[in-house]
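Participant: Before I ask anything, let me first share the structure, which is written out below as structure tokens.
The values are calculated or read from the model by the stated rules, or taken from the named source; none is laboratory data. Computed from a prediction, not measured in an experiment: that's the story for all the values here. With ideal geometry, Cβ positions are generated from the backbone for all residues, glycine too; neighbour counts draw on all protein chains shown. For accessibility, only protein heavy atoms count, side chains too; no ligands or nucleic acids. Shrake-Rupley method; radii C 1.70, N 1.55, O 1.52, S 1.80 Å.
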Amino acid sequence: MVQKVLTVVGARPQFIKAAAVSRAIAACPGLVEVMVHTGQHFDPSMSDVFFNELGIPAVGHNLDIHGGGHGQMTGRMLEAIEQTILEEKPDWLLVYGDTNSTLAGALAAAKLHIPVAHVEAGLRSFNRAMPEEINRVLTDHVSHLLFCPTGSAVSNLAREGIATGVHLVGDVMFDATIDAVRRAGDNPTILGRLGLTRGAYVVATVHRAENTDTEESLEAVLSVLKDKARSMPVVLPLHPRTRQVASRFGLDFDALTVIDPVGYLDMAALLGHCAEVMTDSGGLQKEAYFHRKPCTTLRGETEWVETITCGWNRLWRGPDYAPRRDIAEYGDGHAAEKIVEIMLAAAGVA
Ligand code: UDP
């Protein structure tokens, strides 16, 4: 019997992760996928570009929910996803990462006794002030299948008493990077468009609440990037939220090469040819490593601890890089296939 998977996505990194897993689902006759887009990220440069470029299945339900406070947004999503589940009657609900869309999807399904599969389970920053940390912890605790990208994620779950349904599969973002490098080819037109020289620019992103919630924190992070721009161009594909708050605080981006958010293939090209990465993004810290570029994380801690211990990443206010070695985590680029096999086996289909 074919099992129906209802996938709930809403934010940029989820589209990228879902692209990898959706391809594996499409190749599997035992599963059929229906895509729900909550609407959390709705700007075309934060959403449509990924669906178009990465061949993500067409959205079956667009809930068009965005804006408002965390509680309001999550509450509205919870209600709409519950209705969608009642309509679609899926066998699984699949969620990714740590956004409000992740938590709303997981909670709606758990209450209706639909088993939840969580990709990127077990990550912890141990900083409960981060909205993402609350979302990940709660999602993990209502999930039936917990797909961990790293051994430390498995250990984090064990410490919280979660051992059943936990699978170390590797990182689907590694799968996504391999695919993007193949699709992007070696013709990085974006470098020409921006007047950049290979190996002589920095890629930066800033969007986390801890860096954008107050004028002081945003000014501090921009001033580090501006310092860096004295030695080489700093390209900053600007998150809409960061653009909005900077304008509210009256902060400028002088000296930085500010561009609109780019698609994933342009991002792969930018990362492949840069000198280094400076970011508060979770995904970008690992992608820096996948492209073997040093990273500075513009946060007080990271969930991707192996990037630090293996010398590819450092915290901006922390010690210098540790001695560099390869990271033995993140899998073999086939995390998505493993996820699909495990879901089939768990459904008794395999
Ligand atoms: N990304 C992108 N274009 C951009 C900025 C980021 O394609 O202009 C990709 C990036 O390569 C990574 C993902 O978006 O795969 C990270 O998303 P984000 O930083 O929004 O979320 P986080 O990883 O922090 O959850």
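Participant: For region 142-279, what is the convex hull (Cα atoms) projected area averaged across all directions, in square nanometres?
Facilitator: Value for region 142-279: 10.7 nm².
Participant: Additional query: Taking H as built 1.01 Å from N, whose amide H comes closer than 5 Å to the amide H of Asp43, not counting residues under 5 places away?
Facilitator: Distant-sequence amide H within range of Asp43: zero hits.
Participant: Please give the direction-averaged projected area of the C-alpha convex hull for region 231-337, in square nanometres with one decimal.
Facilitator: 8.2
Participant: Calculated FRET efficiency, Ala345 and Ala158, Cβ-Cβ r, R0 22 Å, to nearest 0.05?
Facilitator: Result of the calculation: an efficiency of 0.50.
Participant: With a 1.4 Å probe and all protein chains left in place, how much accessible area per residue does the chain have, in Å²?
Facilitator: About 40 Å² of surface per residue is accessible.
Participant: So what are the ³J(HN,Hα) numbers for region 139-148, from phi and the Karplus equation (6.51, -1.76, 1.60; θ = phi - 60°), rounded to whole Hz, Gly and Pro as x?
Facilitator: My calculation for region 139-148 gives 4, 4, 6, 10, 8, 8, 10, 10, 8, 8 Hz in order.
Participant: Another one. Roughly what would the spin-label model give for Arg243 and Ala328, points 7 Å off Cα along C-beta, in nm?
Facilitator: Reported label-point gap for Arg243 and Ala328 is 4.5 nm.
Participant: Given springs between every Cα pair under 10 Å in a Gaussian network model of the chain, which of Ala110, Ala19, Ala322 has the largest fluctuation?
Facilitator: Most flexible of the set in this elastic network: Ala322.
Participant: Can you pull the three principal axis extents for the Cα set of region 93-177, in Å, largest first?
Facilitator: 30, 28, 27
Participant: I would also like to ask the following. What is the ratio of the Cα radius of gyration of the chain to 2.2 N^0.38 Å, where N is its residue count, to two decimals?
Facilitator: So the chain has a normalised radius of gyration of 0.96.
Participant: Next question, about the same structure. Given a Förster distance of 30 angstrom, what is the FRET efficiency for Asp252 paired with Arg182, based on the Cβ-Cβ distance and rounded to 0.05?
Facilitator: After rounding, the FRET efficiency stands at 0.20.
Participant: Too long at a 20 Å Cα-Cα cut-off: which of Lys17/Lys286; Lys228/Lys293; Lys4/Lys338; Lys226/Lys286?
Facilitator: Lys226/Lys286
Participant: Per residue of region 170-177, what does 6.51 cos²θ - 1.76 cosθ + 1.60 with θ = phi - 60° give for ³J(HN,Hα)? Whole Hz please, x for Gly and Pro, Karplus curve as stated.
Facilitator: x, 9, 5, 6, 5, 4, 5, 5
Participant: If you don't mind, there's one more thing I want to ask. Top mean-square fluctuation among Asn187, Asn313, Asn127, Gaussian network model of the chain, C-alpha springs under 10 Å?
Facilitator: The residue that fluctuates most here is Asn187.
Participant: Taking the Cα centroid of region 248-286 and of region 301-350, what is the distance between the two, rounded to the nearest whole Å?
Facilitator: Rounded to whole Å, the Cα centres lie 21 Å apart.
Participant: Take Asp227, project a point 7 Å from its Cα along the Cβ direction, then tell me which residues of region 279-319 have their backbone nitrogen under 14 Å from it.
Facilitator: Once the point is set 7 Å along Cα→Cβ of Asp227, 296-299, 315-319 turn out to lie under 14 Å by backbone N, inside region 279-319.
Participant: Computing the accessible area with a 1.4 Å probe over protein heavy atoms, can you report the carbon and sulfur percentage for the chain?
Facilitator: 54
Participant: Got the relative contact order for region 310-350 handy, in percent, Cα pairs under 8 Å and 6 or more residues apart?
Facilitator: This gives 28 percent for region 310-350.
Participant: Another one. From the square roots a ≥ b ≥ c of the eigenvalues of the alpha-carbon gyration tensor of region 44-149, which class results: rounded (a/c under 1.5), prolate (a/b over b/c), or oblate?
Facilitator: Rounded shape, in that the Cα axes give a/c under 1.5.
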